[in-house]
Amino acid sequence: MTSTHLTPIQTLPASGARAAQPIRVGGLELLAIPQLAYDIPGQPAHMNGGDSETELLLLRRSGDRFEPWGALPAPGGEDAEFFTIGDRAFLAVASIRSGAGPYDFTVASMVHEWDGARFVPFQAFDAFAAKQWRHFTVDGRHFLALAQGVAVPETAGLNRPSVIYVWDGTRFTHFQDIPSQWAYNWRAFTVGGHTMLAHADHAGPSVLYRWDGGRFVAHQELASARGRAFATFDDPGGGGTYLAVACIDDGSQLLRWDPAGERFVEHQKLAGAGARELAVVRTDRGLYLIRVNFIVGTPADPTAALMSQVYRWDGERLDVVEEFATTGGTDVAVLDSASGPLIVQTNALAADLRFAAESRVYRFTD
């Protein structure tokens, strides 16, 4: 398929890059990239191996390029979430594990605060196999949700549910547990007058929760298993609200909000396995969805060199208009630019399953 929308403009060396988080703070534009692991010399490549005593990379944006600026300690880095509360700025980092084998999944995940010149530790959270932080607000209250857990035999009895914390004016405190086994992701949004929170789980159902005025209650199941990520968009032509659900098996789909039934209904299957993350790109000429694929196969025998997709919304469905190469793709971020959106896409693995791999910056054009 001929490339028409993504033009490469820079590669970003990293090791096990798991996310790309844009940051605007103190007159700076930064990009945070958490890293899962470093390669261990002499050891065979394995996507769940490596040395997880890693750092989170901080890159400074200069024009439409990025250059090294700093780093934060972040063992087994999985995710970074930047948010503000009033005039205070925070960066939450999810750490899935520490060590170089055997690994400890009971590792604290940190929230850092900007002190005017750098990010400094603010609050540590007990966690187990932390995957993703997500900040959102409901009725003026600030929430911070942590997706966590891993359901494998060696962690039996140690697993934990995902957790929602709430800001009490000085720090985050426990608000509500969300049942989970192997959680990956969140998506908070509003539809039909409701505040919704989607929660992705690999080993169990991915569930859409609804705010009832005091807590989040289960509203509907979105996928039976293998959930990874979500994206939402409103049809520019007024055709309703849509929710894309990414599953790492062949279960990804696009759902449409049914106002009469007040629930999402099946609209379109997004064929193909490997989906890990989604992002919506809006331009003057159209609406697009980028799907980044991670692996196919099993962790013991994976294929990381895959094609990921750019879809265009035609008013009725999403059609693939471009495919681009990824190797263990993990995340995609969309940044504003005067010359057209910038797309930062992270790769956690090389084609040979080593962690040292290049993430990429693209210019997006219609």
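The values are calculated or read from the model by the stated rules, or taken from the named source; none is laboratory data. Keep in mind it's a predicted model, so treat the numbers as computed, not measured. Accessible surface is based on the protein model in full, side chains and every heavy atom, while ligands, DNA and RNA are left aside. Shrake-Rupley method; radii C 1.70, N 1.55, O 1.52, S 1.80 Å.
Could you tell me which of rounded, prolate or oblate describes the stretch 303-366, using a ≥ b ≥ c as the square roots of the eigenvalues of the alpha-carbon gyration tensor, with rounded for a/c under 1.5 and, failing that, prolate when a/b is larger than b/c and oblate otherwise? Judged from the Cα gyration tensor, the stretch 303-366 comes out oblate (a/c at least 1.5, b/c at or above a/b). According to the Cα-based calculation, Rg over Rh for the stretch 195-290 is 0.97, with Rh computed by the Kirkwood formula.
For the pair the stretch 180-242 / the stretch 65-103, the C-alpha centres are spaced 24 Å from each other. Note on the chain: with a GNM built from Cα contacts shorter than 10 Å, the maximum mean-square fluctuation among Gly116, Gly77, Gly251 falls on Gly116. Which of the three applies to the stretch 1-156, rounded, prolate or oblate, going by the alpha-carbon gyration tensor with a ≥ b ≥ c and a/c under 1.5 meaning rounded? Taking the square roots of the gyration eigenvalues as a ≥ b ≥ c, the stretch 1-156 is oblate.
In the elastic network of the chain, a GNM with C-alpha springs shorter than 10 Å, the most mobile of Gly27, Gly76, Gly192 is Gly27.
Per residue, the stretch 179-232 exposes 35 Å² of solvent-accessible protein surface, assessed with a 1.4 angstrom probe and all protein chains in place. Is the C-alpha gyration tensor of the stretch 122-163 telling us rounded, prolate or oblate? Criteria: a/c under 1.5 is rounded; beyond that, a/b larger than b/c is prolate, otherwise oblate. Prolate shape, in that a/c is at least 1.5 and a/b is the bigger ratio.
Using C-alpha pairs under 8 Å with a sequence gap of at least 6, the mean separation divided by the residue count of the stretch 1-157 gives a relative contact order of 15 percent.
Per-atom-type breakdown for the chain gives carbon and sulfur 48% of the accessible area (1.4 Å probe, protein chains only).
Relative contact order of the chain: 15 percent, from C-alpha pairs under 8 Å at least 6 residues apart in sequence.
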